[in-house]
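Have a look at the structure below, then the notes.
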Amino acid sequence: MPRKKRAPFAATDVPLPINRRGQLKDTLRWRFWDYVIVSIYMFIFLIPLVFWLIFSYYTFLSDVDPSIWIYLIVYGVAIPLIVVFGLGIGGGLNFFKKTFYNEGSTVTKDFFEGVRKYAKGCSLSFLTFGIVYFLMNIFGAMLDYNTSMSTVWKVIIIGLMYVIFIIVFMVTALALTQSIFYNATFTQLITNSVRFIIGDFGRVIGVTAIMLVPFFCFSFIPYFIGQAIVVLVCALFYFGFSTAVFMLYSMYIFDRTINSKSYPEVYRKGLAKEIDDSPIQHEK
């Protein structure tokens with residue numbers, strides 16, 4: 001699949017790291033506040049969703065026995081708000097792409113360039129997440145109303161729904177990062193994502209866990225103070241950090257599977273010339 005055109009390398013006097021993990025360490029050291037600013041920008045796009053979910057939880061869903069229609073309204077409205085958050089993810093991906101490719105990056109300019117540039121791909125990806133999130137909560141509510149099913153079966157079904165959500169997230173997220181680097185059809189993006197997951201399952205699960213920690217914490221912490229702490233940590237650092245980790249992992253897997261064979265001119269771009277194809281999780 002053809003690559004998208006890239007800007008030339010940015011000149012720098014700082015020695016380049018030899019692997020993607022080194023890039024993470026270097027940027028955390030030298031550009032830590034950029035992570036903070038990117039996280040805050042991304043949080044701005046999340047505010048409507050957080051406000052809606054917290055407001056709904058303490059009003060509509062706080063009744064002893066809310067009807068299924070309440071769940072349909074609450075999580076139906078959440079779908080477009082999740083799409084809005086996806087636009088912020090596009091901004092973060094664009095900033096970190098330029099940063100790790102050593103193309104010269106400016107937080108505000110490149111963030112909002114990414115919001116515009118990747119609006120379509122991010123909207124479609126997060127629409128998918130939103131629909132799956134909606135279905136998870138609706139099925140969960142329906143299970144609560146089902147008094148004839150045993151608790152064990154309810155737990156199993158809910159567990160399977162979360163497994164499906166994680167799989168959809170992995171496939172869609174890898175398809176999204178591919179779309180930032182390459183021109184490809186929808187079928188190619190999904191097929192490649194499945195191949196990446198099968199071929200590097202352990203690392204994909206690890207990186208996905210880093211991305212989804214805030215989601216599960218917010219979903220399962222029952223207290224407002226706990227939820228507020230999760231949101232604050234994400235807003236001040238974690239959104240930027242997790243996005244950077246996923247971008248670096250994507251670059252690593254693309255170098256191994258696509259660039260090394262089809263695009264040698266961008267193989268290990270942004271890294272020193274030494275041959276070190278280590279993943280970000282591996283320490284030399």
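Inspect the stretch 101-109 for any residue being modelled with pLDDT of 95 or more, of a type in the set (Ser, Thr, Tyr) and touching a helix residue (DSSP H, G or I) at 6+ places or on another chain (Cβ under 7 Å) and give the result as yes or no. Scanning the stretch 101-109, I find no residue that is modelled with pLDDT of 95 or more, of a type in the set (Ser, Thr, Tyr) and touching a helix residue (DSSP H, G or I) at 6+ places or on another chain (Cβ under 7 Å), so the answer is no. Of all positions in the stretch 174-186, none carries a residue that is over 15 Å from Ser125 (Cβ atoms), open to solvent by 60 Å² or more (accessible area, probe 1.4 Å) and within 16 Å of the chain's Cα centre (by Cα). Pairing residues of the stretch 57-73 that are of a type in the set (Phe, Trp, Tyr) with residues that are at pLDDT below 90 and open to solvent by 70 Å² or more (accessible area, probe 1.4 Å), at Cβ distances under 8 Å and at least 6 apart in sequence or on separate chains, gives Tyr58/Phe224.
Within the stretch 215-262, track down each residue that is modelled with pLDDT of 90 or more and among the aromatic types (Phe, Trp, Tyr). Scanning the stretch 215-262 gives Phe237, Tyr238, Phe239, Phe241, Phe246, Tyr249, Tyr252, Phe254. Tell me whether the stretch 188-201 contains one or more residues that are touching a Pro at 6+ places or on another chain (Cβ under 9 Å), part of a helix (DSSP H, G or I) and surrounded by 14 or more Cβ atoms within 10 Å (Cβ to Cβ). Among the residues of the stretch 188-201, not one is touching a Pro at 6+ places or on another chain (Cβ under 9 Å), part of a helix (DSSP H, G or I) and surrounded by 14 or more Cβ atoms within 10 Å (Cβ to Cβ), which makes the answer no. Does the stretch 28-35 contain any residue that is assigned to a helix (DSSP H, G or I), open to solvent by less than 60 Å² (accessible area, probe 1.4 Å), in contact with a Ser or Thr (Cβ under 9 Å, 6 or more places away or on another chain) and modelled with pLDDT of 95 or more? Yes, the stretch 28-35 contains at least one residue that is assigned to a helix (DSSP H, G or I), open to solvent by less than 60 Å² (accessible area, probe 1.4 Å), in contact with a Ser or Thr (Cβ under 9 Å, 6 or more places away or on another chain) and modelled with pLDDT of 95 or more.
Residue check: is Ala244 crowded, with 18+ Cβ neighbours inside 10 Å and either touching a Pro at 6+ places or on another chain (Cβ under 7 Å) or farther than 18 Å from Asn102 by Cα (or both)? Criteria not met by Ala244. If you check Ile210 against the conditions, is it closer than 30 Å to Glu113 by Cα, among the aliphatic types (A, V, I, L, M) and surrounded by fewer than 19 Cβ atoms within 10 Å (Cβ to Cβ)? Yes: the conditions hold for Ile210. Any residue in the stretch 202-213 that is part of a helix (DSSP H, G or I), at pLDDT 85 or above, of a type in the set (S, T, N, Q) and closer than 19 Å to Gly86 by Cα? The answer is yes; a qualifying residue exists. Inside the stretch 138-162, residues that are open to solvent by 90 Å² or more (accessible area, probe 1.4 Å) and of a type outside the set (A, V, I, L, M, F, W, C) make up a count of 5. Taking the criterion of being within 19 Å of the chain's Cα centre (by Cα) and of a type in the set (Gly, Ala, Ser), the only residue of the stretch 21-53 that qualifies is Ser39. Does Leu81 satisfy being open to solvent by less than 30 Å² (accessible area, probe 1.4 Å), within 17 Å of Ser219 (Cβ to Cβ) and in contact with a helix residue (DSSP H, G or I) (Cβ under 8 Å, 6 or more places away or on another chain)? In short, no.
The values are calculated or read from the model by the stated rules, or taken from the named source; none is laboratory data. Quick caveat: nothing in here was measured; it's all calculated off a predicted structure. Note: ideal-geometry Cβ built from the backbone for every residue, glycine included; neighbour counts use all protein chains shown. Areas reflect the complete protein model, heavy atoms only, side chains present, ligands, DNA and RNA absent. Shrake-Rupley method; radii C 1.70, N 1.55, O 1.52, S 1.80 Å.
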